[in-house]
Amino acid sequence: MAHQPDTSLPNRHRLVLGASGAGKSQLIRELVPAKGVRLLGWDTDDDHDGHHFDTRAGYARAVARGIASGRPFRLLWNGDNDLKTFEWWCDLAFIALDGRTPTELLIEELADVSVSAGRASPKFGQLIRRARKYNGGLTMASQRGTEISKTVYTQASEFWIGRQETTDIPRMARLAAVSEARLEAIEPLHYIRKRGPEITFHRLEFTAKGRKLTELTE
Ligand SMILES: Nc1ncnc2c1ncn2[C@@H]1O[C@H](COP(=O)(O)OP(=O)(O)O)[C@@H](O)[C@H]1O
Ligand SMILES: [Mg+2]
């Protein structure tokens, strides 16, 4: 990596939390630019568009070629979904950041590759703590907000909270700074966004033209 750290770059890490079917993947498709950016993704369920790979050698080669081309790319991993492979992917994603070119880092179903709610695994910890300085922005999704590392909560600057499993409602309502009743009532494809102290409500719609994310007034 031709690393040039820039400590003035903003933190654009975001975390999307919701039960299965809450609309996490669809929201991410809306939030992350579809074209014109460098994107590296952990996408073991094939939820996103781009080139998918299930062998490490093939993926690493495509990343090297993508960087050498100087052009945008979307390279997604849909192979083994285990912690060891995730650590390899995080290391590769970190090495791919050059400090200049903005790079989107997409991680689906983070709980599947989380050890505990404690410290992040080493390479994931490195990625989430250091990507900002090298112009990397992480977008992470998880069904269970209680099963992912606390490091994610300290590093993310934006949270999108959708419909939750009943057992997660108390903790997720605290995170979203809304009442448990308010969170219990939330429908699929509706989200509460928390950015620092700012709380807003949003809905994703599907129209003839595609997806549309609108802010609701409550
Ligand atoms: N083209 C579409 N039109 C209408 N609803 C859709 C469309 N695609 C997905 N959905 C809705 O999005 C939801 C699933 O979203 P998804 O992002 O896959 O959930 P999650 O990732 O949280 O499991 C479902 O409620 C589904 O009905
Ligand atoms: Mg999904």
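Any read-out appearing in this document is the output of simple, stated calculations on the displayed coordinates, not a laboratory observation. Quick caveat: nothing in here was measured; it's all calculated off a predicted structure. So basically every Cβ, Gly included, is an ideal-geometry build from the backbone, and we count neighbours across all protein chains shown.
Just a few scattered comments:
- For the range 132-218, trypsin sites (Lys or Arg not before Pro) meeting the loop criterion (DSSP other than H, G, I, E, B) and having at most 16 other Cβ atoms within 10 Å: LYS209.
- In Hz, Karplus ³J(HN,Hα) per residue of the range 160-169 (6.51, -1.76, 1.60; θ = phi - 60°; x = Gly, Pro): 10, 10, x, 4, 10, 5, 3, 5, 8, 4
- Taking the range 82-185 and dividing mean pair separation by its residue count, relative contact order in percent (alpha carbons under 8 Å, at least six apart): 27
- Two-site FRET efficiency, GLU147 against THR200, from Cβ-Cβ distance with R₀ of 25 Å, rounded to 0.05: 0.45
- Separation of the alpha carbons by more than 23 angstrom is noted, of LYS24/LYS133; LYS123/LYS194; LYS24/LYS150; LYS35/LYS84, for LYS24/LYS133; LYS123/LYS194; LYS35/LYS84.
- Taking a point 7 Å out from the Cα of ARG171 in the direction of its Cβ, the residues of the range 109-152 whose backbone N falls within less than 15 Å of it are 110-120, 142-152.
- Size descriptors for the range 14-165 (Cα atoms only): Rg and Dmax, in that order, 14.2, 44 Å.
- Prolate/oblate/rounded label for the range 47-114 (Cα gyration tensor, a/c 1.5): prolate
- With helices as the sole contributors, the chain gives -8500 deg cm²/dmol at 222 nm; each DSSP H run of n ≥ 4 counts as -39500 (n - 2.57), and the sum is divided by every residue.
- Take the Cβ atoms of ARG211 and ALA19, set R0 to 25 Å, and the FRET efficiency comes out at 0.80.
- Contact order relative to length of the range 14-165, as percent, for alpha carbon pairs under 8 angstrom and 6 or more apart: 37
- Put in order of Cβ neighbour count within 10 Å, fewest first, the listed residues THR103, THR217, THR146 become THR217, THR146, THR103.
- Check: the chain dipole with +1 on Lys, Arg Cβ and -1 on Asp, Glu Cβ, in debye: 860
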